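Structure, as structure tokens:
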Amino acid sequence: MNAILANIGFWVLGITAVVSALFLVTRENPVHSALWMLLTFFCVAGIFVQLDAEFIAAIQVMVYAGAILVLYMFVVMLLNPKSKGFIKMPFKVILGGIVSFIVFLQIIMTLMGADIIKTTKLTGINDPNQLGNVKLFCIDLFTKYIVPFEIVSIMLLVAMIGAIVIAKKD
Amino acid sequence: MTPQAIMNLLSIYPEVIMTMFGLILVVLDVMTKNEKKSMVGYFGIAFLVITVLIAWPPVGKKFLGFGNMVMWDSYSFVFFFIFAIAYSLTTLGSVSYLKENGILKGEFYTIMFFSVVGMMFMVSAYDLTVFYAGMETMAISMYILAGFNKKCARSSEAGIKYFIIGAFSSGIFLYGLTFVYGATGSMNYLEIAAALKGGAASTTTFKFGLVLMLAGFAFKISAVPFHMWAPDVYQGAPTPSAGFMTVAPKAAAMGALIRFCWIALEPVGNMLALFFGILAVITMTYGNLVALAQNNVKRMLAYSAIAHAGFMLMGLVSMNPEGYQSVALYAIIYAFMNIGAFTLLGVVKNKGMIDDERLESFAGLSKTNPMYALGMLIFMFSLAGIPPLAGFIGKFQVIMATMKAELYWLAIIGGLNSALACYYYMRVTIYMYFKEPEYEVDATVSRSAFITSFIGAVMVILIGFFPTFFVNLVKTLLV
Amino acid sequence: MLTLAHYLVLSCIIFAIGMAGVLVRRNLIVMFMSLELMLNAVNINLAAFSNYLQSMTGQIYIVFVMAVAAAEAAVGLALIITMFRNKQTINADEINTMRG
């Protein structure tokens, strides 16, 4: 029963994510694109839940849907761009489309030929002491991966200073 | 303290000190008056000198801490030294340019300082997480520096182009990285190497991921065919940040790439040699050929930066200690000569209707401003690799390393390319010395820019005339 | 039954769509959104491999990728705003003053 539910969940979320991603790149109005992006982000969060990553799913909703998307909407509203900004040069479109299609085919072919694909179903993350996802996650993040965590804080500081100095009017 | 804790601290202390100094710089920036923001940059230089002295090269020692994640050894030190040179020279040379363009802000120096921290982490990384975090710190700083002149359309254009292509390439890099992670089961260089020895090297997943990862790397060092952002970005960015961008991030990417290839990909090293060889050949040939056709000196230097990246890749192909010693030496020499050239380029102001950096602006400069012309001559000759200047030593060492690895075809192509490169560097000197002035050009070198170019020129001549000392120095540091 | 392949193929499709968006679209804001799409595909991949390898490393990497995405969005949108102030456009075809 669980397996069937998981299957249904995967297909619904996956197909919605792909369709809304397609809509994202094809809408002319950036506001519509942003809303489709929101839907994609929610579906991806659902996929994370399926993959035993509940904490990541929560962060996905908070950071992407809550912060990044709002930032995008702000900029779209602020600039109110007049140019439609869709494809001007058909040559470029055809080239870009072909390139990405080739890359797509390449990836699919590689995946199909890969040995990793023949594995059986996913077993889930090992949690012998019943700590739960958040605890497991944080134990690793704040012991093993403390250095990159601190570097990311430097990076966020740089990005903050930079964004202010560039966008500020003076 | 347990020995483990001491080891952890030792493995990371230069970066920690740099971060603290960076935070002090942020505070200093707030405290200085608007017209004295160059003080922030000078303080940055002082801090770097202090850090270089504290982090004196630990010859022969290796401090590997935080669960095999960060490494501090003399290899990291040499690259840190290159970034310190790049930062100091750029800062000294930038003050007058920034003042004239009305963008003399403390943030310029703060961000550059933090980018040095990111690059240090990149080079000393023993784990892909550390590497990625460092790389993005560097990359984001570079986007900001490229778009720093916000009133100039070209500068923001350069920033946007750099941003889109940089983010695109790191997306590809990450996608490849996931497959490498999936195939080897770890992000740690040592564990990746162990997994590769254990048979993961032959899986399709790993090969596919590796190709994508290396493509992402190639974007960062502007190797052909992933170079298309480089000329526009270097041309549009403010001249001092362009000088910094051609030197430091490239050196950091090369340093990190060498470490990644030597530690993590050591079991598959022979597979990579051919890939890097072809990449190096295409990169330098293309960069040189297109540079021939340029009439804008800044753009010409941008294409020549691509060609120099190809030369550095050549040192990687040989896969022997001489190879990476020569890359480090090349990066040091390149820092001196290229930042010197960019500094001198930044002071030219054409009063006519054409761009400041057009070749015609340089016509007849030897008569109106002989010192300037002499400085430019030294840098151009050095970039062209004419003996006895430093550029020749760098190229010579790289080619020798290639010969030692018995890659004669590559050495021959490298030699031919450096001959090809002579032509377009010579054009600038010919314009300066043998043409009559066409436009009224102001090339007054301010004091700080003079100091930068003077240091650069002196170092170029010193390394050129006493190569054995410097070659041996790099050799003892990078055993 | 769900296997690793399901998730990898899903992320591959989203990655390709995002890549096509960056290459095809000329509206800078939509190009940035497509970049976010590519990073999301990477995140799915990481989560799937993390589950498959039964290690938390992949999940922790996702957090770093997200932090980078947020920082990049801030800087990139700031750059777009300056660009718009200078040229009154956010069309990628019109940012071509440098040729040669």
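The values are calculated or read from the model by the stated rules, or taken from the named source; none is laboratory data. All values derive from a computational prediction rather than experimental measurement. Note that each Cβ is placed from the backbone with ideal geometry, even for glycine, and that neighbours are counted across all protein chains shown.
Some points to look at:
- Of the residues in the stretch B:206-218, not one is β-branched (Val, Ile, Thr) and under 30 Å from B:PHE113 (Cβ atoms).
- Scanning the stretch B:121-158 for residues that are facing chain A (nearest Cβ under 8 Å) and of a type in the set (Asp, Glu) gives B:ASP127, B:GLU136.
- Which listed residue, of B:PHE450, B:PHE470, is surrounded by fewer than 22 Cβ atoms within 10 Å (Cβ to Cβ) and closer than 18 Å to B:PHE342 by Cβ: B:PHE450
- Candidates B:ILE332, B:ILE339, B:ILE282, filtered to the one that is surrounded by fewer than 17 Cβ atoms within 10 Å (Cβ to Cβ) and either within 14 Å of the chain's Cα centre (by Cα) or of a type in the set (Val, Ile, Thr) (or both): B:ILE282
- When each of B:ILE111, B:ILE165, B:ILE103 is tested for being surrounded by fewer than 24 Cβ atoms within 10 Å (Cβ to Cβ) and within 10 Å of chain A (Cβ to nearest Cβ), the lone residue that passes is B:ILE103.
- Pick from the stretch A:22-52, criterion facing chain C (nearest Cβ under 7 Å) and not in a helix (DSSP H, G or I), ranking: surrounded by the fewest Cβ atoms within 10 Å (Cβ to Cβ): A:ASP52
- Some residue of the stretch C:2-20 being more than 7 Å from every other protein chain (Cβ to nearest Cβ) and surrounded by fewer than 23 Cβ atoms within 10 Å (Cβ to Cβ): no
- Output for the stretch B:349-361, where each listed residue is in a loop (DSSP other than H, G, I, E, B) and either among the charged types (D, E, K, R) or buried (at least 20 other Cβ atoms within 10 Å of the Cβ) (or both): B:LYS351, B:ASP355, B:ASP356, B:GLU357
- Residue identified as within 7 Å of chain A (Cβ to nearest Cβ) and surrounded by fewer than 22 Cβ atoms within 10 Å (Cβ to Cβ) among C:GLN88, C:GLN54, C:GLN59: C:GLN54
- Candidates B:MET403, B:MET426 - the one that is over 30 Å from B:VAL95 (Cβ atoms) and free of Cβ contacts under 8 Å to residues at least 40 places away in the same chain: B:MET403
- Tally of residues being within 8 Å of chain C (Cβ to nearest Cβ), without any contact (Cβ under 8 Å) to a residue 60 or more places away in the chain, touching a helix residue (DSSP H, G or I) at 6+ places or on another chain (Cβ under 8 Å) and in a helix (DSSP H, G or I) across the stretch A:133-148: 3
- Whichever residue in the stretch B:62-84 is of a type in the set (S, T, N, Q) and under 25 Å from B:LEU329 (Cβ atoms) and, among such residues, is surrounded by the fewest Cβ atoms within 10 Å (Cβ to Cβ): B:SER74
- Close contacts from the stretch B:339-355, counting a first residue that is within 24 Å of B:PRO249 (Cβ to Cβ) and a second that is acidic (Asp, Glu), with Cβ to Cβ under 7 Å and a gap of 6+ residues or different chains, come to B:LEU345/B:GLU357.
- Condition check for C:PHE64: assigned to a helix (DSSP H, G or I) and either touching a strand residue (DSSP E or B) at 6+ places or on another chain (Cβ under 7 Å) or more than 7 Å from chain A (Cβ to nearest Cβ) (or both): no
- Against the criterion of being within 23 Å of B:ILE263 (Cα to Cα), in a helix (DSSP H, G or I) and β-branched (Val, Ile, Thr), B:VAL78 qualifies.
- Condition met for C:ASN96 (more than 7 Å from chain A (Cβ to nearest Cβ) and farther than 30 Å from B:ASN295 by Cα): no
- Selection of first residues in the stretch B:183-212 that are within 12 Å of chain A (Cβ to nearest Cβ) and of second residues that are acidic (Asp, Glu), restricted to Cβ pairs under 8 Å at least 6 apart or on distinct chains, gives the following pairs, ordered by first then second residue: B:THR184/B:GLU191; B:GLY185/B:GLU191; B:MET187/B:ASP127; B:ASN188/B:ASP127; B:THR203/A:ASP115; B:THR204/A:ASP115; B:THR205/A:ASP115.
- Failed criterion for B:MET213 (all others in (1) crowded, with 21+ Cβ neighbours inside 10 Å; (2) within 16 Å of the chain's Cα centre (by Cα) hold): (2)
- Residue identified as touching a Phe, Trp or Tyr at 6+ places or on another chain (Cβ under 8 Å), within 7 Å of another protein chain (Cβ to nearest Cβ) and part of a helix (DSSP H, G or I) among C:ALA74, C:ALA48: C:ALA48
- Among the residues listed as B:ARG259, B:ARG299, the single one being on the phi < 0 side of the Ramachandran plot, of a type outside the set (Val, Ile, Thr) and in contact with a Pro (Cβ under 6 Å, 6 or more places away or on another chain): B:ARG299
- Test result for A:THR16, crowded, with 20+ Cβ neighbours inside 10 Å and either out of contact with any strand residue (DSSP E or B) (no Cβ under 7 Å at 6 or more places or on another chain) or facing another protein chain (nearest Cβ under 10 Å) (or both): no
- Which listed residue is within 28 Å of B:VAL70 (Cβ to Cβ), surrounded by 21 or more Cβ atoms within 10 Å (Cβ to Cβ), at pLDDT below 90 and not basic (Lys, Arg), from B:ALA251, B:ALA223: B:ALA223
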